[in-house]
Structures are given as structure tokens and as C-alpha cells.
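To keep things clear, I will list the structure first and then write my remarks on it.
The values are calculated or read from the model by the stated rules, or taken from the named source; none is laboratory data. Please read these numbers as outputs of a predicted model, since none were measured by experiment. Here Cβ is always computed from backbone atoms with ideal geometry, including for glycine, and neighbour counts include all displayed protein chains. Surface areas here come from the heavy atoms of the whole protein model, side chains and all, with no ligands, DNA or RNA. Shrake-Rupley method; radii C 1.70, N 1.55, O 1.52, S 1.80 Å.
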Amino acid sequence: MLTNVSLFNFEQMETVVKKNRKQQIEEKATALFRERGYAATSMRDLAQVLGIEAASLYSHIKSKEEILQKICFRMADHFFEAWKDVESENSSFAAKVEKAAAAHVRVITKNTDASAVFFNEWRHLSEPYLSEFLTMRDDYEGRFIQIIKEGKANNEFKNVDEKFMMLTILSSLNWTYNWYRPQGSLKPDEIASRLSNLILNGLKK
């Protein structure tokens, strides 16, 4: 019985070590993808940063694209999860825009390396992942367009081009990863509030 318990504990520890190692690989790869770009980062580069042989990486990951896929789709899931707060808002469409901006910024600032990769390196996804990613992106952007459209219909917003305004909103929010610093004076919610106020000034009647 003691032997079985010891073996079970050893297997549990081995699983934890493997998970930690895989997480470490993903974190280092994410930082490299941001710094050098996905295309310019090789498995050898990643192995060198980790201090292991390149061949050893393949016992943890199949390819560097596997990491890119995880980053892109994990970030997409975070954005959709954050949208639940937006759906619960029913006071006004302006409040929805503000809540959507806050949710978006919180996701970006939680992991700026992953955000940078998500926004800049998704083009390197191969099929069918690229098409799946683009479908998810269209869905997400469509949610902003719908809020603007409904705000216009309810005479709350100006008669603006919905797609152009959506692109303006997301472009201003997405750039946050480039300058946000966790130790800075501006917290994510304050950043979102300031940006959404600027956005709403161009939307409200």
C-alpha cells in the first residue's frame, strides 16, 4: 500500500512539473514573439532562452505554432468572457460602450505580452485556425457595431458610420498594450474610463 501511495504521489509531482515546464515554455515564447516577432523566432531561439536543447522542446510542444494558437484563442476566450459584464448593462447604450471599453482594457492589461502577440501575430496562424480566429474576431467586432447601431436607433448616438466607429474604438483601446505599465499611476479601469469618455464625446448627441 505504501509503495502504491508513493508511486501515486510521484506521478502527481511529475504531472505538476510537466505543467510548470510547459507554462514556462509558453511564457518565454510569448515574450520572444512580442520582442522579435513570430516569424523571426525559431525553436532554437526558444530553447536557448530556456537553457535546454532544441530537441527537448518537442517533448513538451509540437511546434511554435501550437503556442501561437494557444495565445490567440486563449486571449479571444478572455475577451468573450469579459463581455458578460457588457451584456448585463441595460441603463443606456453609452453605459454599454463604457463597460465594453473597460472589459476590453482589463483583458489587454492583464498580460501585455500575450496581447501584443494576439494583435500582431495572428496572421501567422495556419488553416483551419486562421479562419476560426477571423470568425471569432468578426463576432466580437459585431458586438460593438450592434451597440452603436442600437444607440443610433434610440436617438442616443449621432448618425455615424458604425463600422468606422467600431474600428476607431478598438484601435484606440488595442494600443494600450504598448504603453501600459502595471507600476504606473493609471489603473486599467481609469484608462478605460478616460478612453471611453473620449469615444463617447464623438458618439453622443
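Structure notes:
- Taken per residue, the accessible surface of region 93-205 reaches 53 Å², heavy atoms only and a 1.4 Å probe.
- The calculated FRET efficiency for the pair D161 and E65, based on their C-beta separation and a Förster distance of 45 Å, comes to about 0.80.
- R137 - accessible surface, heavy atoms, 1.4 Å probe, Å² rounded to 10: 90 Å²
- Amide N proximity, region 171-205 versus N154 label position 7 Å along Cα-to-Cβ, cut-off under 15 Å: 204-205
- Rounded percent of accessible protein surface that carbon and sulfur make up, region 37-139, 1.4 Å probe: 49 percent
- For S131 and K28, the difference between the fully extended length at 0.36 nm per residue and the C-alpha to C-alpha distance is 34.4 nm.
- Within the listed set I147, I52, I71, the residue fluctuating most in the Gaussian network model of the chain (springs between alpha-carbon atoms under 10 angstrom) is I52.
- To the nearest ten degrees, helix 162-174 and the longest principal axis of the Cα atoms of the chain are 50 degrees apart.
- Mean sequence separation of contacting Cα pairs (under 8 Å, at least six apart), scaled by the length of region 74-197, corresponds to a relative contact order of 38 percent.
- Only helices enter the 222 nm calculation for the chain: every DSSP H run of n ≥ 4 contributes -39,500 (n - 2.57), and dividing by all residues gives -24500 deg cm²/dmol, rounded to 500.
- Helix 188-201 vs. the chain, principal-axis angle (Cα, 0 to 90°, nearest 10): 30 degrees
- In degrees, nearest ten, helix 129-153 long axis to first principal axis of the chain (Cα): 20 degrees
- Over 30 Å apart at the Cα level, from the set K62/K96; K22/K110; K62/K84, are K62/K96; K62/K84.
- Karplus (6.51, -1.76, 1.60) ³J(HN,Hα), θ = phi - 60°, over region 78-90, in Hz, Gly and Pro reported as x: 5, 4, 5, 5, 5, 5, 4, 5, 5, 5, 7, 7, 9
- Each Lys and Arg Cβ is given +1 and each Asp and Glu Cβ -1; about its Cα centre, the chain then shows a dipole of about 420 debye.
- Debye-sum result for the chain in log10 I(q)/I(0), which assumes one identical scatterer on each alpha carbon, at q = 0.09 Å⁻¹: -0.46
- Along region 155-160 the Karplus relation, 6.51 cos²θ - 1.76 cosθ + 1.60 evaluated at θ = phi - 60°, assigns HN-Hα couplings of 6, 8, 10, 5, 7, 9 Hz to successive residues, with x for each Gly and Pro.
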